[in-house]
1. Go through (1) farther than 19 Å from LEU157 by Cα; (2) in a helix (DSSP H, G or I) for PRO282 and report which single condition fails.
2. For segment 250-262, name all the residues that are more than 8 Å from the ligand (Cβ to nearest atom), outside any strand (DSSP E or B) and open to solvent by less than 10 Å² (accessible area, probe 1.4 Å).
3. Do we find a residue being open to solvent by 10 Å² or more (accessible area, probe 1.4 Å), of a type in the set (Gly, Ala, Ser) and under 17 Å from the mean Cα position of the chain (by Cα) anywhere in segment 145-158?
4. Which of the following residues is in contact (Cβ under 8 Å) with a residue 12 or more places away in the chain, more than 18 Å from the chain's Cα centre (by Cα) and open to solvent by 30 Å² or more (accessible area, probe 1.4 Å): ARG52, ARG72?
5. Taking the stated definitions as given, is GLU208 open to solvent by 40 Å² or more (accessible area, probe 1.4 Å) and assigned to a strand (DSSP E or B)?
6. Which of the numbered conditions does ALA80 fail, given that it passes all the others? Conditions: (1) within 11 Å of the ligand (Cβ to nearest atom); (2) of a type outside the set (D, E, K, R); (3) crowded, with 16+ Cβ neighbours inside 10 Å; (4) at pLDDT below 95.
7. What pairs come up if the first residue lies in segment 233-252 and is farther than 17 Å from ALA218 by Cβ, the second is in a helix (DSSP H, G or I) and within 11 Å of the ligand (Cβ to nearest atom), and their beta carbons are under 7 Å apart, counting only those six or more places apart or on different chains?
8. Based on what the data block shows, is GLU113 under 20 Å from LEU276 (Cβ atoms) and open to solvent by 20 Å² or more (accessible area, probe 1.4 Å)?
Amino acid sequence: MADTTTWTDDNLMSLQSHVLAGERAHPGATGDFSWILSAISLATKTIGNKVRRARIEDVLGELSAENTHGERQQKLDVIANDIIKSCLGSRANIGVLVSEEDEEPTVLRTRDEGGRYAVFFDPLDGSSNIDVSVGVGTIFGIVRLPADGKGGVDAILSPDAKIVAAGYVLYGSSTVFVLTTGNGVDMFELDHSIGSFVLVKHGLRIPETKKIYSINEAYTNSFGNGVSSYLQWAHNNGYSSRYIGSMVADVHRTLLKGGIFIYPSTSEQPSGKLRLLYEAMPMAMLVEQAGGRAITDTGRRILDIPPTKLHERTSVVLGSSAEVDHFERHQS
Ligand code: FBP
């Protein structure tokens, strides 16, 4: 019997060829993205291996050292950070690297020396879940630096710096790479048999509504009135709760299934916990590109916040647009 498989582009589309095809469609594209994304692809495949073999290679557990946020670093936080920096460091079009694990940015070269982009990243998000084999991930944002030749932190925090691509890699039951370059969201899965991220979903759209909220209710006593009133309403309207405690995993579920992810400001953390540049903004760009919304708990669009510090925090409310609308209605 003849093989009836329909051979379409998707079947054979790797991350690299998909990005290259996208660039070919843009006159004047320089190949910068595919060059940077190939480094991120290589780094995250390597990190994925480390995460999967963590107990075998005995790279689990905490180090005595603390990161810039005063949090005890996991061994794999540092390993992942080094892997990403060594892969991205070799890309001549990158000027600056900003990592959750490093207090200061790594300045590689000035704009005039070809460093047109900065890459912000959380090397291993949800690291408190590593030891128990729960989904963790790498989050990144690619920013085109202003043309005025400014370098270093000034360039990164300049209002002319524009986030032009964002993504995350989830190291879960499968290794998934979710990416936007400003033209919708695509999802790739690592096919271990060929060592390639293969396109599995082109033009991913977040469901308009879904009665699932994701928040750490252990902090209920320190939530503001608006958050408490929304949760009361959700409880009275048949919502279900899902919370993994790894932002990448909770946002991935929200993107695919719909619902709302909330990490609000609390009395203990008045500006929220999650970091603006390398957690909130990349996720906000992905959710918006998939048709959802991403705001702070005071209703401000996360992508409109002008960053003032490298490691500043923000409250995060993102997900299906109708669900974020419901949340917003309870804040006034
Ligand atoms: P890091 O692990 O990168 O520090 O990220 C912070 C994080 O673990 C998020 O992934 C997650 O959404 C949140 O903190 C969980 O915080 P909490 O334990 O307070 O609910």
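1. The single condition PRO282 does not satisfy is (1).
2. VAL251, THR254, LEU255, GLY258, GLY259
3. Checked segment 145-158: no residue is open to solvent by 10 Å² or more (accessible area, probe 1.4 Å), of a type in the set (Gly, Ala, Ser) and under 17 Å from the mean Cα position of the chain (by Cα).
4. Details: ARG72 fails: in contact (Cβ under 8 Å) with a residue 12 or more places away in the chain.
Unique residue meeting the criteria: ARG52.
5. Numbers: open to solvent by 40 Å² or more (accessible area, probe 1.4 Å): yes; assigned to a strand (DSSP E or B): no.
No.
6. It is condition (4) that ALA80 fails.
7. Final answer for the pair search is VAL251/MET283.
8. Values: under 20 Å from LEU276 (Cβ atoms): no; open to solvent by 20 Å² or more (accessible area, probe 1.4 Å): yes.
Criteria not met by GLU113.
The values are calculated or read from the model by the stated rules, or taken from the named source; none is laboratory data. On a predicted model such as this, the values are computed, not experimentally measured, just so you know. A quick note on method: Cβ atoms are made from the backbone with ideal geometry, for glycine too, and the neighbour counts reach across all protein chains shown. Keep in mind that these areas ignore ligands, DNA and RNA; they rest on the heavy atoms of the full protein, side chains included. Shrake-Rupley method; radii C 1.70, N 1.55, O 1.52, S 1.80 Å.
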